[in-house]
Every structure is written in C-alpha cells, then in structure tokens.
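Asker: Structure in structure tokens, see below.
Bear in mind these aren't lab numbers, they're just calculated from the coordinates by the rules spelled out. Because the structure is a prediction, the values reported are computed rather than measured. All Cβ positions, even for glycine, are placed from backbone atoms using ideal geometry, and neighbour counts span all protein chains on display.
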Amino acid sequence: MGPVSAEIEIDVPRPRAFEAIADLSLRPAFTDHFLTGFRLTRIESTGVGAGARFRVDVRPRRVWADTTIAEVDAPHRIVEHGRCGRLNRIPATTLWELTEGPGSLTTVRVSFWTEPANPVDRRLELLSAASIPYERRWREALRRLRDGLESGELDSGRVAVGGGNPHATGIP
C-alpha cells in the first residue's frame, strides 16, 4: 500500500504535540477506533526502541501489527518501523512530521505505508483498496488527537504495561 497521509492543525505548542505522539502509551487514546488490543512491548513507552503490538481493525482485513520507534528528531519527526499481516511478513512504516505554525499552532502530518514482498499480499492490498479506509482512519485519529490535546484530556487514555508493577514503588 502506497503512502497514506493525513494532516491537521492543532492549537498546542509543537513540543507538547511531539511528546504526546512519541509516547506509545498514549496512542490508544486517539487510535482505539481502529487499533485494538493495544499493548506495549517494553516498559519504557517513549524514545528509540519503544514498541507496541495491536490489532488493525480495518475491513475487509483484520491483522495483527507491531511498531517500534526507530528514529526521533525532537520536536520535528518520528519514524516507526513495524510489521503486519499474516505471520508479520509485511514491513510497515509510520512517519510523523510536526511543523511549527504561527503562535502555538502545530501542523501534524502522519504517513503510513506497507511494502509487501509477496505478490499475493500486494494483490490483496490492491483488490481490497485498503488505502481508502486507512486514510479515513488516520484522519479520524488526528482529529481525536487534536481534540484530546486541546482539551487536555489526552493523558486519561494511557495504557499500562502488561505484567508491570501496578504500584508506584520507585523500583523499575
């Protein structure tokens, strides 16, 4: 699937928007309408190496996927690499770009693409016209991100690490 992009302007400072996007534990707060079963793959949810596994619920196919933050250029850019599809055989990339606007306005652009090597997977993506529902879901995710950041309610949707210490003891 070729690059699917969505863009929105958010009325918060760029560092705050970047912090929210770079924290994978906040991701379900604005993507849970199409990414379900979200769980972190390590305790640290930010920075290079932070990862998550989830189910992508975009019809006609529902597949498991994972993503790992590969590059962080604060507060401009985040690159995530992952895999999806049957047996996790399809490489996927998500690129987040943040541009500063006038005042506290920030433009957030997300691009997502897959690179199936298998001809069957490539044909399935083309026949199902997967880029159309993906683009719609990413636009909705950015609207939800904007609403959560501007209202200050985004932090309430944080996901915890499975098997992590539920009590604040100071012991990692």
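Asker: May I ask you to compute the full-extension gain from Thr46 to Glu97, defined as 0.36 nm times their residue separation minus their alpha-carbon distance, rounded to one decimal in nm? Kindly include the intermediate steps, with their values, before the conclusion.
Answerer: Working: separation 51, 0.36 × 51 = 18.36 nm, distance 1.64 nm.
Extra length from Thr46 to Glu97 when fully extended: 16.7 nm.
Asker: Can you give the relative contact order of the stretch 27-121 as a percent, counting alpha carbon pairs under 8 Å and 6+ residues apart?
Answerer: On the way: 179 pairs, mean separation 14.9, N = 95.
This gives 16 percent for the stretch 27-121.
Asker: Using the Cβ atoms and a cut-off under 12 Å, what net charge is assigned to the surroundings of Glu150, where Lys and Arg are +1 and Asp and Glu are -1?
Answerer: Local net charge: 0.
Asker: Counting Lys and Arg as +1 and Asp and Glu as -1, what is the net charge of the other residues whose Cβ lies under 10 Å from the Cβ of Leu105?
Answerer: Computed value for this residue: -2.
Asker: Would you tally the net charge around Arg62, using a Cβ to Cβ cut-off of less than 12 Å, leaving Arg62 out, and scoring K and R as +1, D and E as -1?
Answerer: Once positives and negatives cancel, what remains is +3.
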